[in-house]
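Please treat every number below as a calculation from the coordinates, not as lab data. Predicted model only: the values in this text are computed from it and were never measured. All Cβ positions, glycine included, derive from the backbone under ideal geometry; neighbour counts span all protein chains shown.
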Amino acid sequence: MNVLDIAGLRLSVGDVPLLADVTVRVGRAETVGLVGESGSGKSLTSRAALGMFPRGARVTGHVTAAGVDVLAAGRGALRDLRRTRAAMVFQDPRASINPVRRVGDYLTEGLRASGVPAREAAARALDLLDQVGIRDPGRAVRRHPHEFSGGMLQRVVIAGALAAEPDLLLADEPTTALDVTTQAEVVALLKRLQRDRGTGMLFVTHDLDLAAAVCDRVYVMYAGRVVEEAPSAGLFRAPAHPYTRALLEASPSARGERAEIRAIRGRPRSLAEAPSGCSFRDRCPLADDACARKVPDIRPHGTSLVACLRPQEVTP
Amino acid sequence: MTEPEPVPEPVPGPVLEVASLVKRFGTFTAVDDVGFTLMPGASLGIVGESGSGKTTTARVLAGLEEPTSGTVTLAGETVTGRSRRDRLRRARLLQMIFQDPYGSFDPRQTIAESVAEPLRLHAPGSRKQHRARAAELLDQVGLSRRAGQSPPRDLSGGQRQRAAIARALAVRPRVLVLDEAVAALDVSIQAQILTLLEELRAGTGIAYVFVSHDLGVVRHITDEVLVMRHGRVVERGATEHVLRTPRHPYTRLLLDSIPSPDWDLDRVARDRVARDRRALDLADRQATPAPKGETTC
Ligand SMILES: Nc1ncnc2c1ncn2[C@@H]1O[C@H](COP(=O)(O)OP(=O)(O)O)[C@@H](O)[C@H]1O
Ligand SMILES: Nc1ncnc2c1ncn2[C@@H]1O[C@H](COP(=O)(O)OP(=O)(O)O)[C@@H](O)[C@H]1O
Ligand code: SF4
Ligand SMILES: [Mg+2]
Ligand SMILES: [Mg+2]
């Protein structure tokens, strides 16, 4: 059973299409990456898992998160899903926490709402802070968010996300605002907690190296569509989509042999701005007339599923 | 074609020398005894985590911040004066690029007008000549005529950074100080800007001080690097050498923290604990600063 099943998701606001045919699955205890440049639709997709859509959005397709049919669910069922079975961690921890309330209250309110007695909730909060590596939890629960650094506060948010022991964790650029050493710690923490509890995680990031390091499987998004899906190892060793390869070639690396970086012409596009046919064709070095005719079907190539007419020219 | 008034050609030697730079805010020391030498056409990286003093160092170089002590020497002349003449002279030799240049463009001017602005201050010639030079600069950084006629809000992040580079180049400076100049850009656009910067350096002999938290980017754009921690330089040397054979535990921690497929998170966590603050601080104090005036970096 998958903890997240998004299939054929289409989303538009007014007559502006934002997502087209997005399919993303996350299994139990699996870490799945959603990578791509800004505007490709990563955040819209991950928020869709919790039924969080832009105002006035028209949505079709299929979304099941932790057993809940999200597009059919009513308000109560969605609230219950978000409170107990699926949790979300965003880039900016300060946006998730009410600045005037104490950290202890932040951690206990969800537990209290789901019926845990006050004393037990308080004890759980201390335990959670300890698990995410916050020293002196007894003092920490009495503090306010501004008394924590960004990295420490992100730990608090993770503690809150894990309080209800969710089946599904959605992490949208959870370490982008952090220094590398702090990022490594926060990721280590997420992975450990996930391993211990068998949580499925959708890990959204623009950082390919991070996705390669953290994820079992990765979806690459471009202009509101998924253009490639593959196990991490395969994706980074043998990309099948020209965009995936171009991203890898454009990324400077601090380790290994020094390789020249190669720029991609043009700029990332949203679905509404993308050309007809293959969305990547105005930037793709392999594009020809056939690429303009229709959106390429997803098909297997190597270890990948890829939406490109000629993946064999990317990696034979 | 108008040229900025020629700056006297200096005796061959460093274009920028920084010695014993200290910057305190109240009792807090943000920059603690930083020194380096930059030759014409060289590229020096300054890396470190947030709060290590990189931006403060850059701002002192650009004259945006007064050093508490220490000297900054540009093309053989110590630049300390705050007079209009001194500031203009410094601006002619050294320009700065920020992470997000949006705020530095006048929203009511077109990009081309903004790029022509420094020419009005620094170069003789008619408006027509300045406009022609601005068009040439926009072309040099790969911006279309249409982008030049747009207000800054209509440009993407990458286009705005190109415009900022064009404007900085207008006075033909000898040094460009870039503070996290590609940090906010998508990787495909970042690669375009890095490529542009490489071409400009090869083509004009301009020198860079490239401040960044990203070791991968620094590896590609610099020859030498300073690693800063708590305001101090803890390691310095040829970039490739430092990245391959880091000697200071802090540099090693930074490198181990970079994600990679064989990333051993448990090891990173252990390393971090093992090399906790005390151990690192001890190493800080023991790291001997390079002798003053040495040109290794
Ligand atoms: N509430 C909204 N209304 C209209 N367009 C939106 C809304 N939210 C996001 N978009 C657009 O949808 C596209 C995808 O956005 P997003 O999912 O946030 O991208 P990513 O997270 O990959 O950077 C972008 O072009 C963005 O401008
Ligand atoms: N104007 C200022 N007043 C007080 N402290 C400052 C000021 N500017 C910077 N600092 C402090 O100096 C230290 C170094 O900051 P900065 O140079 O911005 O570091 P970096 O660019 O490496 O992140 C930080 O602790 C910062 O809070
Ligand atoms: S379908 Fe054509 S344009 Fe699209 S990625 Fe493949 S080769 Fe390039
Ligand atoms: Mg996003
Ligand atoms: Mg800075």
*Taking amide H positions as placed 1.01 Å from N in the peptide plane, with prolines and chain starts having none, which residues 5 or more places from A:Y222, or on another chain, fall under 5 Å of its amide H?*
A:V227
*Residue-wise, which Karplus ³J(HN,Hα) couplings in Hz belong to region B:17-23, taking 6.51 cos²θ - 1.76 cosθ + 1.60, θ = phi - 60°, and x for glycine or proline?*
10, 10, 10, 6, 6, 10, 9
*How big, on average over all directions, is the shadow cast by the Cα convex hull of region B:1-159, in nm²?*
11.1 nm²
_Taking A:R269, A:R195 and counting other C-beta atoms within 10 Å, the order from fewest to most_ = A:R195, A:R269
*Among A:V24, A:V214, A:V116, which one moves the most in a GNM of chain A with springs linking Cα atoms closer than 10 Å?*
A:V116
*Taking H placed 1.01 Å from N in the peptide plane, check which residues at least 5 places from A:V295 or on another chain put their amide H under 5 Å from its amide H.*
A:G277
*Per residue of chain A, what 222 nm ellipticity follows from adding -39500 (n - 2.57) for every DSSP H run with n ≥ 4, rounded to the nearest 500?*
-9000 deg cm²/dmol
*Name the shape class, rounded, prolate or oblate, that the alpha-carbon gyration tensor gives for region A:1-97, where a ≥ b ≥ c are the square roots of its eigenvalues, rounded holds for a/c under 1.5, and otherwise prolate holds if a/b is larger than b/c and oblate otherwise.*
rounded
*Grab the protein assembly as shown and count how many Lys pairs have their alpha-carbon atoms under 28 Å apart, sequence gap of 8 or more, or different chains.*
5
*asked:* At a 10 Å Cβ-Cβ cut-off, how would you order B:T71, A:T31, fewest neighbours first?
replied: B:T71, A:T31
*Vicinal HN-Hα couplings computed from phi for region B:126-143 (Karplus, 6.51 cos²θ - 1.76 cosθ + 1.60; Hz; Gly/Pro x)*: 7, 4, 5, 5, 4, 4, 5, 5, 4, 4, 4, 5, 4, 5, 4, 9, x, 9
_Most fluctuating residue given options B:T73, B:T110, B:T245, as computed from a GNM of chain B linking Cα atoms under 10 Å_ = B:T245
*On average, how many beta carbons from a partner chain sit within 10 Å of the beta carbon of a residue in A:255-268?*
5
*What ³J(HN,Hα) values, in whole Hz, does the Karplus curve 6.51 cos²θ - 1.76 cosθ + 1.60 give for region B:110-121 when θ = phi - 60°, with x put for Gly and Pro?*
6, 4, 4, 5, 4, 5, 6, 3, x, 5, 4, 6
*Gap in Å between the Cα centre of region A:206-246 and the Cα centre of region B:124-169?*
35 Å
*asked:* Can you give me the Kirkwood hydrodynamic radius for the protein assembly as shown, using every pair of distinct Cα atoms, in Å to one decimal?
replied: 26.3 Å
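First select every other residue whose beta carbon is under 15 angstrom from the beta carbon of B:G45; then total the charges, Lys and Arg +1, Asp and Glu -1.
Numbers: positive: A:R258, B:K54, B:R201, B:R219, B:R229, B:R236, B:R244; negative: B:E49, B:D179, B:E180, B:E198, B:D214, B:D223, B:E224, B:E235, B:E240.
Taking every other residue near B:G45 into account, the sum is -2.
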